[in-house]
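The values are calculated or read from the model by the stated rules, or taken from the named source; none is laboratory data. Note that the structure is a prediction, hence the values are computed from the model and not measured. We place every Cβ from the backbone using ideal geometry, glycine too, and count neighbours over all the protein chains shown. Please note that ligands, DNA and RNA were not included when accessible areas were found on the heavy atoms of the full protein model with its side chains. Shrake-Rupley method; radii C 1.70, N 1.55, O 1.52, S 1.80 Å.
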Amino acid sequence: MQTFVLGRQTDFSRPLILGTIVVSMFCVVVALLKDVPDIEGDKKFGIRSLAASLGPKKVFRICICLLEMVYIIAIVFGATSSRPWSKLITILGHSVLALFLWKQTMSVDLQNKFSVESFHILIWQLLSAEYMLLPLVR
């Protein structure tokens with residue numbers, strides 16, 4: 001819209017780039033994790049999901065690695081910010097979320113459907129926390 005309507009050059013700002021990375025990775029993780037509690041159903045009906053193919057433990061580990069990578073990227077974005085308040089909030093906020101996620105992964109029982117579904121809800125809560133942090137990235 002900036003280019004064609006307003007005649008401006010397209011500007012991919014730091015918050016836009018980080019927001020795109022964060023939301024995209026969270027969407028991938030949510031999509032992968034939703035299949036973990038229903039592997040038996042996928043196998044029964046011949047659905048070839050990643051969770052059914054690789055197993056719940058590998059898919060869970062992939063999801064955690066993706067999210068922790070997102071937090072590392074966000075921390076690097078924060079560390080390279082020119083504004084001290086943004087640097088502090090971005091680094092601290094994402095560090096706390098990364099540590100919280102890591103701590104919560106230790107209590108997930110992949111054989112317990114309720115435990116996996118609770119973790120899935122936690123991922124949505126972490127995404128909501130991201131929506132509060134992203135406007136502060138500069």
request  = Need at least 2 residues that are within 30 Å of residue 11 (Cβ to Cβ) and open to solvent by 90 Å² or more (accessible area, probe 1.4 Å) per element, so show me which helices (runs of 4 or more DSSP H) inside segment 39-138 make the cut, counting only ones lying wholly within it.
outcome  = 56-79, 84-105, 113-133
request  = From (1) among the acidic types (Asp, Glu); (2) assigned to a loop (DSSP other than H, G, I, E, B); (3) touching a Pro at 6+ places or on another chain (Cβ under 9 Å), pick out the condition that doesn't hold for residue 11.
outcome  = (3)
query = When you go through 4, 26 one by one, which is the residue that is modelled with pLDDT of 85 or more and of a type in the set (Phe, Trp, Tyr)?
reply = 26
